[in-house]
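Below: the structure, in structure tokens.
The values are calculated or read from the model by the stated rules, or taken from the named source; none is laboratory data. The structure presented is a predicted model; accordingly, all values stated were derived computationally and were not measured. With ideal geometry, Cβ positions are generated from the backbone for all residues, glycine too; neighbour counts draw on all protein chains shown. Just the protein is used for accessible areas: all its heavy atoms, side chains included, with ligands, DNA and RNA removed. Shrake-Rupley method; radii C 1.70, N 1.55, O 1.52, S 1.80 Å.
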Amino acid sequence: MLVAYRRFWALLGASAVSMSWGLIICAVAMPLTVKFGATRAMNLSACGLGIIASLGVAVAAGIMPDEGFAMVAAWIEDNLIACIVGCIVVSLVAYGASCVASVAIYERKDI
């Protein structure tokens, strides 16, 4: 029973974090869509996020030794609920800021 309980919470946490990252992707794409149109914005956001993520991993792998990654993984495991809540809060704040930026861009646009 305990194993099923832990699996449920692990699945729930992974789902929440995945949805948070999806919301961040939408938060990046929304102002670009308002500014440049849907097709160009999707190309820009996909390429931009891919490049930023790749560079981030490459820089982290070059700077941080393997023990550092193990320490980060252990810290996340020890503070899992805080990390999940943090991901949710950061994604909601990013989405709110994106909505504000999109409205500001739309107000300045000539229609």
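Could you grab me the full set of residues in segment 1-36 that are among the basic types (K, R) and modelled with pLDDT of 90 or more? The one that is among the basic types (K, R) and modelled with pLDDT of 90 or more: K35. Consider segment 90-111 and keep the residues that are among the hydrophobic types (A, V, I, L, M, F, W, C) and either over 21 Å from W21 (Cα atoms) or open to solvent by 80 Å² or more (accessible area, probe 1.4 Å) (or both). The one that is farthest from the chain's Cα centre (by Cα) is I111.
In segment 35-49, the residues that are under 11 Å from I25 (Cβ atoms) and without any contact (Cβ under 8 Å) to a residue 60 or more places away in the chain reach residues that are open to solvent by less than 70 Å² (accessible area, probe 1.4 Å) and of a type outside the set (A, V, I, L, M) with C-beta atoms within less than 8 angstrom, at least six apart or across chains, in these pairs: M42/T33. Do you know which residues across segment 57-87 are modelled with pLDDT of 90 or more and not hydrophobic (A, V, I, L, M, F, W, C)? Residues satisfying the conditions are D78, N79, G86. Residue pairs whose Cβ atoms lie under 7 Å apart, sitting 6 or more positions apart in sequence or on different chains, and linking a residue in segment 1-19 that is under 24 Å from A94 (Cα atoms) to a partner that is modelled with pLDDT under 90 and not polar (S, T, N, Q), are G13/L80.
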